[in-house]
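Just below is one structure, and these are the notes that go with it.
Every number here is computed from the coordinates shown, using simple stated rules; none is lab data. All of these numbers come straight from a predicted model, not from anything done at the bench. No Cβ is skipped: glycine too gets one built from the backbone with ideal geometry, and neighbour counts run over all protein chains shown.
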Amino acid sequence: MPDKITISINGTEIKTEEGKSILSVCKENDIHIPVMCHFPGLTDVGACRLCLCEVKGYNKLLPACTTLVAENMEIQTHTEKLKEYRRVIVEMFFSERNHMCSICVANTNCELQDMATEVGMQHVRFPFLNQECAVDASHPKYVIDHNRCIMCTRCVRVCSEVEGAHNWDVKNRGYNARVISDFDQPWGESETCTSCGKCLNVCPTGALWAKGSVQGKLDKFPEKITDLIEKRGIH
Amino acid sequence: MAETKGKKITISPVTRIEGHARITLQYDAKGKLDEARFHVNEFRGFEKFCEGRYFTEMPAITPRICGICPVSHAVCSAKAGEGIMRIKPPRIGDQLRRLIQLGQMISSHALSFYHLSSPDMLMGWDCDPDKRNIVGMYEQFPDLVRRGIRLRQFGQEISMYITGKKIHTMGVVCGGMSIPLKEEAREALLKWIPEALETLDMSLELYKGYYEKNKEELNVFAYHPTMYMGLVQADGTHEFYDGKVRLVDEKGEIVEDGFNPADFAQYIAEHPIAWSYLKYPYYKPYGFEKGFYRVGPLARLNVAERMPTPLAQKEFELFRQLEDGKVIHGTFHFHYARLIEMLSSVEQARDILNDPQILSTETWARGERNQHDGVGCTEAPRGILFHHYTTDDNGLLTKVNLLIATGQNNPAMNTSIKQVAEKYVRLDDVQEGALNRVEGAIRCYDPCLSCSTHAAGQMPLLIELKDHRGKIVRTLARGG
């Protein structure tokens with residue numbers, strides 16, 4: 001049995017257990033923290049930085065998804081500074097690659113769009129990088145459009161941890177980082193991809209989609225992946 | 001005449017058109033009009049940035065070319081995609097796309113006629129420019145203006161009721177329509193029909209009355225014979241959506257009948273020009289200049305043998321009597337042709353809505369990439385439209401070629417403004433009304449330049465007279 005501990009979130013005392021992340025404790029206590037790279041059942045990696053929070057005694061902001069709670073921890077999740085930082089992060093998602101919502105398959109069914117609304121993004125205050133990002137349609141059933149990828153790596157993790165195929169991985173660093181198939185081969189030439197489609201269902205944007213999907217009509221079933229993780233007892 | 005040496009008149013921007021453009025009138029040393037040029041100053045780059053996209057995305061991307069005629073681009077894209085897939089949509093999918101396209105014809109033509117061009121007719125070419133717009137019109141002709149606005153609304157409601165969006169319609173996909181028609185939408189749209197027919201009857205009477213009164217001027221206004229190109233059905237009936245491409249010469253003789261749209265590059269060539277982003281297309285076998293042709297409402301009525309609906313057919317017969325011949329060359333009659341096409345669109349929309357199977361959910365055929373190339377062809381409000389896509393083995397676009405209606409009318413628009421300027425613009429006494437006639441010649445074609453919606457008549461007009469060294473010797477300004 002993990003040790004019982006007491007922490008404080010936004011001034012409210014909460015009794016919980018050691019070994020849990022700040023994010024999971026917040027969820028248990030109905031405290032909503034914006035997050036995009038987290039997916040229930042997959043290993044958290046702290047990629048999106050949206051769940052950053054302030055912890056007393058630390059001069060750096062800490063990601064709620066990968067920071068474990070500790071006795072007497074005093075956490076702030078919704079300060080004005082954090083709200084502004086979250087808005088900045090979402091604006092940076094939009095400025096880093098080429099997100100054209102109006103023509104996207106995921107339009108109106110997109111977590112990035114929802115997040116922009118949630119954090120109160122009015123417009124993008126940073127110059128667009130206008131990076132040249134390829135579209136890989138070599139897979140017989142699916143397409144990956146790097147223009148729409150926010151590098152949350154959910155696809156990498158679901159492929160590795162749930163499907164066990166590990167087709168997806170990441171190359172390069174910073175804004176040059178890209179999700180790759182096998183050893184940076186065209187997806188259609190992958191020897192590991194099982195064409196299961198799990199990556200499509202966990203993708204928060206329109207970066208991964210099935211051929212035949214049309215504008216604003218992308219069907220995604222992330223809850224099926226959650227069910228599968230629970231039934232298989234992963235983690 | 002030394003003071004007129006090398007003078008140039010610039011009309012910039014041209015008002016009451018869709019987009020930004022300018023006109024320059026270049027005079028020689030003797031004060032004679034040397035060149036009249038219609039400059040399009042915008043560059044959009046769709047052909048380039050669509051490269052690398054997956055071909056089925058195109059029906060969503062290309063409608064963004066234009067806020068007035070997005071449906072034609074969507075339909076043309078979907079057809080090109082269907083060429084790549086080698087599939088055909090189910091009948092009802094086709095009918096729904098046709099219905100939305102008819103709605104677009106109504107809204108676009110209504111915008112052109114009531115909002116942009118009718119002030120010239122009803123208020124007069126020389127009327128105060130502050131009054132010569134739809135707001136000024138409303139003071140004098142409230143019923144007509146209200147009806148014109150509502151007619152445009154009806155056209156957009158067709159798209160709204162079917163797809164949920166008035167502009168940049170959704171649902172047009174490679175293989176048909178992803179959104180079927182609902183019963184409540186059908187009923188709501190049918191209620192509009194009687195009012196729309198009444199408005200068009202009233203407008204046609206008005207146009208014919210105006211023509212009778214101003215016959216002398218209109219018969220020579222930008223009158224110049226050209227070839228004409230448009231779609232017709234297999235039996236030669238007027239057609240908007242599908243059909244064969246027909247070209248007639250200036251005497252109305254059929255030059256081409258049913259060339260495969262996929263082979264258009266064999267028939268039509270484009271000549272780039274240094275002073276405009278619009279190229280000069282021409283009919284290849286006749287060569288540059290002799291092969292200039294016109295597209296759009298006037299061209300469609302000139303290539304057609306009959307209209308598909310009874311009321312429009314009655315008007316078509318009267319239209320054809322205008323010049324006692326097979327073809328009508330008077331540029332002003334673009335407006336008449338536009339009214340007849342709106343009438344036919346309303347009748348056709350009614351017939352489609354009354355189709356007993358129109359509520360079917362079998363609207364979308366699925367398929368995958370089966371060949372590298374696909375060509376789409378349909379009619380946009382301003383004329384015939386071609387999309388030609390080439391893909392790699394995976395369906396990513398490697399080449400996109402769009403042949404757009406306004407571009408095809410470019411040579412004719414330049415001829416029209418030259419004719420009108422020669423007749424009305426006096427270099428020693430430049431009258432605002434004369435320049436408005438030059439703009440009016442352009443408005444006949446209803447050019448869609450930025451392919452975006454604009455408020456009517458709110459842009460400033462600047463006319464500069466420059467000497468041969470480029471020094472401004474006189475400036476006239478209005479509006480703004």
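Of all DSSP-defined beta bridges confined to chain B, some 95% are antiparallel rather than parallel.
Tell me, B:HIS387, B:HIS238, A:HIS32 in order of fewest to most beta-carbon neighbours within 10 Å? Write out the running numbers ahead of the final one.
Values: B:HIS387 30, B:HIS238 26, A:HIS32 10.
Taking fewest neighbouring Cβ atoms as first place, the list is A:HIS32, B:HIS238, B:HIS387.
Over 21 Å between C-alpha atoms is what I'm after, so list which of A:LYS83/A:LYS217; B:LYS32/B:LYS215; A:LYS211/B:LYS88; B:LYS8/B:LYS30; B:LYS213/B:LYS326; B:LYS213/B:LYS251 land there. From A:LYS83/A:LYS217; B:LYS32/B:LYS215; A:LYS211/B:LYS88; B:LYS8/B:LYS30; B:LYS213/B:LYS326; B:LYS213/B:LYS251, over 21 Å: A:LYS83/A:LYS217; B:LYS32/B:LYS215; B:LYS213/B:LYS326; B:LYS213/B:LYS251.
What is the ratio of the Cα radius of gyration of the stretch A:29-144 to 2.2 N^0.38 Å, where N is its residue count, to two decimals? All intermediate terms of the calculation are to be shown ahead of the outcome.
Numbers: Rg = 16.6 Å, N = 116, 2.2 N^0.38 = 13.4 Å.
Expressed relative to 2.2 N^0.38 Å, the Cα Rg reads 1.24.
How well do other chains shield peptide A:131-138, expressed as the mean number of their Cβ atoms within 10 Å of each residue Cβ? Don't skip to the answer; put the middle values down first.
Details: counts 0, 1, 1, 2, 8, 3, 12, 5.
That average works out to 4.
Taking the longest Cα principal axis of chain B as reference, the axis of helix B:432-445 is set at about 20 degrees. All C-alpha to C-alpha distances of the protein assembly as shown, sorted into 20 Å bins beginning at zero, yield P(r) values of 16, 41, 28, 13, 2, 0 percent in whole numbers.
Just the Kirkwood number for chain B, please: inverse of mean 1/r across all distinct Cα pairs, in Å, one decimal. List each step's numbers first, then the result.
Values: mean 1/r = 0.0439 Å⁻¹.
In chain B this quantity evaluates to 22.8 Å.
Is it possible to state the helix-based mean residue ellipticity at 222 nm for chain A, with each DSSP H run of 4+ residues giving -39500 (n - 2.57), the sum divided by total residues, to the nearest 500 deg cm²/dmol? What is it?
Working: 6 runs with 53 residues, N = 235.
Only helices count here, giving -6500 deg cm²/dmol.
Angle, helix B:70-85 long axis vs. longest principal axis of chain B, Cα atoms, 0 to 90°, nearest 10? So the inclination is approximately 50 degrees.
How high is the FRET efficiency between A:PHE128 and A:ALA177 when r is their beta carbon distance and R₀ equals 22 Å, given to the nearest 0.05?
On the way: r = 18 Å, r/R0 = 0.80.
For R0 = 22 Å, the calculated efficiency reads 0.80.
Once you wrap a convex hull around the alpha carbon atoms of the stretch B:60-107, what is its projected area averaged over all directions, in nm²? Intermediate values should be presented prior to the final figure.
Numbers: hull surface 13.1 nm².
In nm², the orientation-averaged hull projection of the stretch B:60-107 is 3.3.
With neighbour counts taken as other beta-carbon atoms within 10 Å, the residues B:LYS279, A:LYS60 rank, fewest first, as A:LYS60, B:LYS279. With a 10 Å cut-off around each Cβ of B:388-398, the average count of Cβ atoms from other chains is 3. Extension gain for B:LYS48 to B:GLU139 (0.36 nm times residue separation, less C-alpha to C-alpha distance): 28.1 nm. Taking a straight line from the alpha carbon of B:LYS166, these aspartates and glutamates sit under 16 Å away, with near neighbours fewer than eight places off in the same chain left out: B:GLU157.
Panel note: the C-alpha atoms of chain A, placed on their principal axes, show extents of 53, 43, 32 Å (largest first).
Axis of helix B:142-163 versus longest Cα principal axis of chain B: the two differ by about 30°, to the nearest ten degrees. Considered as an equivalent ellipsoid built on the Cα gyration tensor, the stretch A:102-232 has semi-axes of 23, 19, 15 Å, the largest given first.
Take every DSSP beta bridge whose two residues both sit in chain A, then give the antiparallel share in percent to the nearest 5. Each step should come with its number before you reach the end.
Working: 21 of 23 bridges.
In chain A, approximately 90 percent of DSSP beta bridges are antiparallel ones.
Sort B:ARG86, B:ARG132 so the one with the fewest other Cβ atoms within 10 Å of its own Cβ comes first.
On the way: B:ARG86 12, B:ARG132 23.
Going from least to most buried by this count: B:ARG86, B:ARG132.
Expressed as a fraction of 2.2 N^0.38 Å, the value expected for a compact globular protein of N residues, the C-alpha radius of gyration of the stretch A:4-78 is 0.99.
Only Cα pairs under 8 Å and at least 6 apart count here; give the relative contact order of chain A as a rounded whole percent.
Numbers: 408 pairs, mean separation 44.6, N = 235.
Contact order relative to length: 19 percent.
Remark: spin-label model distance A:THR79-B:ASP201 equals 7.4 nm, labels positioned 7 Å along the Cα→Cβ axis.
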